[in-house]
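Working notes for the structure below.
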Amino acid sequence: MIKNVRIAWKPALAAVALAFAFGCSGGDTKTAEGDKPKGETTTQPSGTTTAARPEPTGEGVTATGDTIKIGVVGSLTGDQKPWGDDSIEGAKMALEEFNAAGGVNGKKVELIVGDSASKAEQAKSASEKLLSQGVIGIIGEVASGNTIQIAKAAFSKAVPVIGIGATRTDLTDEGTHVVRVCYTDAFQGPVMATFAYEELGKRKVGIVTDNKAPYSQGLSKSFADKFKALGGEVVGEVFYETGQTDFTGPINEIKGKNPDVLFLSGYFPEVGPMAQAIRGAGIGKDVPLLGGDGWDSPQLLVSGGDAIIDSFFCNHYNNKETRPEVTAFLTKWKAKHGGKDPGTTMAALGYDAASLTFDALKRAKNLNSKDLIEALNDTEGFKGVSGVINLKGKGGNPDKQALVVQVKPAAEGFQVFKKAYSPSDIK
C-alpha cells in the first residue's frame, strides 16, 4: 500500500498536513538488481567515485499548474520507522520555510509522500506512483536498498533522486540523476576502522554482516579493507539476515575466533538484540562493539539494554554541536515537538535534502527535472545542518565529516561525542 500526502502548505492546510508527518522506515532488503555494482570504479577516501555515471536520456518532466510537485519516499511503516518519522518531518519543516519565503517565481512546492514500507520493492512502487503524478524530483531514502530502487525507477524519466541517509558507495553510479546529502560507506567504514585501530588499540576484528542488506555488505567490506591496510587482522566474518532473531550460530562462530573488537554493520532493529546475545554468550565488554550510522535510533537502547552501553558508532552530526545551522534547526524542531530533540540524525538529513532540493529549484534554468539535475550537481557551499554540502565535480557524493559517538544511557544523552574525522584524516 502506498500512502500519499499532498501538501501545498497554504496556511489553511498546514495544520492538517502536519498530522500526516509521522511514519517512515527504510528497509534495506537485498534484491537481484539493487545489490550489483554498476561497473568498475575507483573510490576516493571520501566516497567519490571516478567512474563516468550514465546520464538519463529522457526528456524530463516540466512543472505545470500552480504548484511544483516534489516527491519524498520514506517508510511510513516497518522496522526502521524512527528514521522515516524524522526524515519526513525534517523535509516538511524545510517545505514550510521555503513556501513561507515565497517559493519559486510565485509558485509553491507541493510535497507528495510515498510509503516504502521498509521494503525495496515497495520503495520502487512508491516512486513509480510519484513519477506518474508528475513530480520533478524525489527526496529519499534513508536505506540504500530502497534508494537504489527509487533511482532505477527515476532514471528513464530523467528525474533527480536526492538521497537522505543512503550511504552505500556505488549508489550514485546509478546515474547523474542521483545525489545525496550524507557521507558514503567508503568513508564511514574506514573512519570506524581507524578509530578501532588507532584510538582503541585493537588488532583482531570479528565482523558481523546482515547479508540481506546492501548497506551492511558494503560497510563491512570498507571497514575490513581499511582495518587490514592499517595492519589489523580480520579473524572472521559471520552473517545473519534482516528480521532474524536467533543469533546463536553466528555469535558462537565469531566467539571461537577470539576477536578483540566486533564490528556490527547492520541496522538497529537487529543490532540491539544481537548485543544482548553477544554479552550473554560470554563475550565481555573488553571486546567493544562498533557500528555505522545504521545504529542511529534510541530504540537501540530499548532492545540493547546494558549490553549496548559504551559501544561506538559513526554518525553525521550531533545535537550538541554549536554551529549556527545546528542551533537554528534544533530551536525550530523543539518548537514543533514539545521541546524535544530529534530522535535520530535523519531529521537533520531530511531537512538538508529537502532544503538543498528547494535551493536547486531556484538555481535551475527552468522548472524541469533535467535542469534540476544539473542545478543539484552544480551545488557549491550549501550550508546544511549536517555540514557544508559541495556536489560540483563530486559524482553526487559530498565530502562530509563523520563523528564517532559512544552509546550511553538516555539520561546521559544516548550519543556522546568522541572524535570527528574529515576526509583528509583518512589516508
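In region 94-110 there is no residue that is part of a helix (DSSP H, G or I), modelled with pLDDT of 95 or more, within 30 Å of residue 271 (Cβ to Cβ) and charged (D, E, K, R). Residue 343 meets each of the listed conditions (1) outside the structural domain of residue 210 (by TED's automatic domain parsing); (2) at pLDDT 95 or above; (3) not polar (S, T, N, Q) apart from (2).
With the condition being surrounded by fewer than 16 Cβ atoms within 10 Å (Cβ to Cβ), touching a residue at least 12 places away in the same chain (Cβ under 8 Å) and over 26 Å from the mean Cα position of the chain (by Cα), I'd like the helices (runs of 4 or more DSSP H) fully within region 187-282 carrying at least 3 qualifying residues.
On the way: elements: 214-229, 248-255, 268-280.
Helices (runs of 4 or more DSSP H) meeting the threshold: 248-255.
Select from region 106-124 the residues that are out of contact with any Asp or Glu (no Cβ under 6 Å at 6 or more places or on another chain), over 13 Å from residue 138 (Cα atoms) and in contact (Cβ under 8 Å) with a residue 40 or more places away in the chain and write down the one among them that is surrounded by the most Cβ atoms within 10 Å (Cβ to Cβ). Among those that are out of contact with any Asp or Glu (no Cβ under 6 Å at 6 or more places or on another chain), over 13 Å from residue 138 (Cα atoms) and in contact (Cβ under 8 Å) with a residue 40 or more places away in the chain, it is 120.
Yes or no: region 334-341 includes at least one residue that is farther than 30 Å from residue 298 by Cβ and either in contact (Cβ under 8 Å) with a residue 60 or more places away in the chain or in contact with a helix residue (DSSP H, G or I) (Cβ under 8 Å, 6 or more places away or on another chain) (or both). Checking region 334-341: not a single residue is farther than 30 Å from residue 298 by Cβ and either in contact (Cβ under 8 Å) with a residue 60 or more places away in the chain or in contact with a helix residue (DSSP H, G or I) (Cβ under 8 Å, 6 or more places away or on another chain) (or both).
What residue, among those in region 62-83 that are among the charged types (D, E, K, R) and more than 17 Å from the chain's Cα centre (by Cα), is surrounded by the fewest Cβ atoms within 10 Å (Cβ to Cβ)?
The extreme case among them is 66.
Checking each residue in region 332-357 for being in contact with a Leu (Cβ under 8 Å, 6 or more places away or on another chain) and hydroxyl-bearing (Ser, Thr, Tyr) picks out only 357.
When region 283-304 is examined, which residues are found to be crowded, with 22+ Cβ neighbours inside 10 Å and among the acidic types (Asp, Glu)? Answer for region 283-304, where residues must be crowded, with 22+ Cβ neighbours inside 10 Å and among the acidic types (Asp, Glu): 293, 296. Counting just the residues of region 369-426 that are of a type in the set (D, E, K, R) and under 17 Å from the mean Cα position of the chain (by Cα), which one comes out surrounded by the most Cβ atoms within 10 Å (Cβ to Cβ)? Per the stated criteria, the residue is 400.
Output the residues belonging to region 393-427 that are without any contact (Cβ under 8 Å) to a residue 24 or more places away in the chain and not in a loop (DSSP other than H, G, I, E, B). Passing the criteria: 411, 412, 416, 420, 424. On the stretch given as region 379-392, residues that are in a loop (DSSP other than H, G, I, E, B) and touching an Asp or Glu at 6+ places or on another chain (Cβ under 9 Å) total 6. Selection of region 292-326 for residues being assigned to a loop (DSSP other than H, G, I, E, B) and not charged (D, E, K, R) yields 292, 297, 298, 309, 311, 316, 317, 318, 319, 322. Checked against (1) crowded, with 24+ Cβ neighbours inside 10 Å; (2) of a type outside the set (Phe, Trp, Tyr); (3) touching a strand residue (DSSP E or B) at 6+ places or on another chain (Cβ under 9 Å), residue 307 meets all criteria but (1).
For region 355-378, indicate whether the set of residues that are free of Cβ contacts under 8 Å to residues at least 12 places away in the same chain, more than 30 Å from residue 278 (Cα to Cα), basic (Lys, Arg) and in a helix (DSSP H, G or I) is non-empty. No, region 355-378 has no match at all.
The values are calculated or read from the model by the stated rules, or taken from the named source; none is laboratory data. Please read these numbers as outputs of a predicted model, since none were measured by experiment. Cβ sites come from the backbone with ideal geometry, for glycine too, and all protein chains shown count toward neighbours.
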